[in-house]
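> I have a structure here, written as structure tokens, and I will follow up with some questions on it.
Read-outs: derived from the displayed coordinates by stated rules, not from any lab. Note that the structure is a prediction, hence the values are computed from the model and not measured. Don't worry about glycine lacking a Cβ; one is built from the backbone with ideal geometry, like all the others, and counts go over all protein chains shown.
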Amino acid sequence: MPTVYVFAVVTLAILSCLSALAGFWVGDLDRLPMQWGLDGRPTWYAPKWIALGFIPVIGVIVMATVAVSHGPGGDGSGVARNMATVGAILVAAEIVYLFMLRRHLTG
């Protein structure tokens with residue numbers, strides 16, 4: 001399996017696991033905050049499945065775009081580097097979101 005796809009699969013597995021774990025600790029809440037204002041209060045909410053699935057779905061879209069950008073020829077190291085960078089950004093975004101969500105839920 002080319003390195004590009006390994007980075008994509010690992011990143012998507014991490015994002016999915018983080019969202020699944022968050023689904024357990026948010027309990028039976030129907031709606032979760034999606035965005036916070038400068039004062040630290042949520043500005044809008046979404047259903048739980050959208051809130052926890054948003055970044056993993058964006059990850060699939062972005063990673064598929066990066067993966068297909070790998071044209072014929074070349075060793076693909078540039079695309080693998082791009083995929084690793086995109087993966088790191090997505091995982092960081094998910095962690096920041098879950099941190100903010102946890103902080104909001106615990107008061």
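> Quick one: angle between helix 77-106 and the longest Cα principal axis of the chain, in degrees between 0 and 90, rounded to 10, please.
10
> Can you sort L105, L12, L32 from fewest to most other Cβ atoms within 10 Å of each residue's own Cβ?
Details: L105 13, L12 17, L32 22.
In increasing order of surrounding Cβ atoms, one gets L105, L12, L32.
> What do you get for the angle between helix 3-25 and the principal long axis of the chain? Use alpha-carbon atoms, 0 to 90 degrees, nearest ten.
In the chain, helix 3-25 runs at an angle near 10 degrees to the longest axis.
> Would you indicate which of [x] -0.34, -0.72, -0.78, -0.84; [y] -0.38, -0.78, -0.84, -0.90; [z] -0.24, -0.63, -0.72, -0.80 is the value of log10 I(q)/I(0) by the Debye sum over Cα atoms at q = 0.10, 0.16, 0.17, 0.18 Å⁻¹ derived from the coordinates of this structure?
Recomputing log10 I(q)/I(0) by the Debye sum over Cα atoms at q = 0.10, 0.16, 0.17, 0.18 Å⁻¹ here picks out [x].
> Next question. Given H placed 1.01 Å from N in the peptide plane, which residues other than close sequence neighbours of A46 have an amide H under 5 Å from its amide H?
Hits under the 5 Å cutoff: L32, M34.
> Give the order of I61, I50 when sorted by the count of other beta carbons within 10 angstrom, beginning with the fewest.
Details: I61 10, I50 13.
Ranking I61, I50 by Cβ neighbours within 10 Å, fewest first, gives I61, I50.
> Calculated from DSSP H runs of 4 or more alone, at -39500 (n - 2.57) each and per residue, what is the 222 nm mean residue ellipticity of the chain, nearest 500?
-24500 deg cm²/dmol
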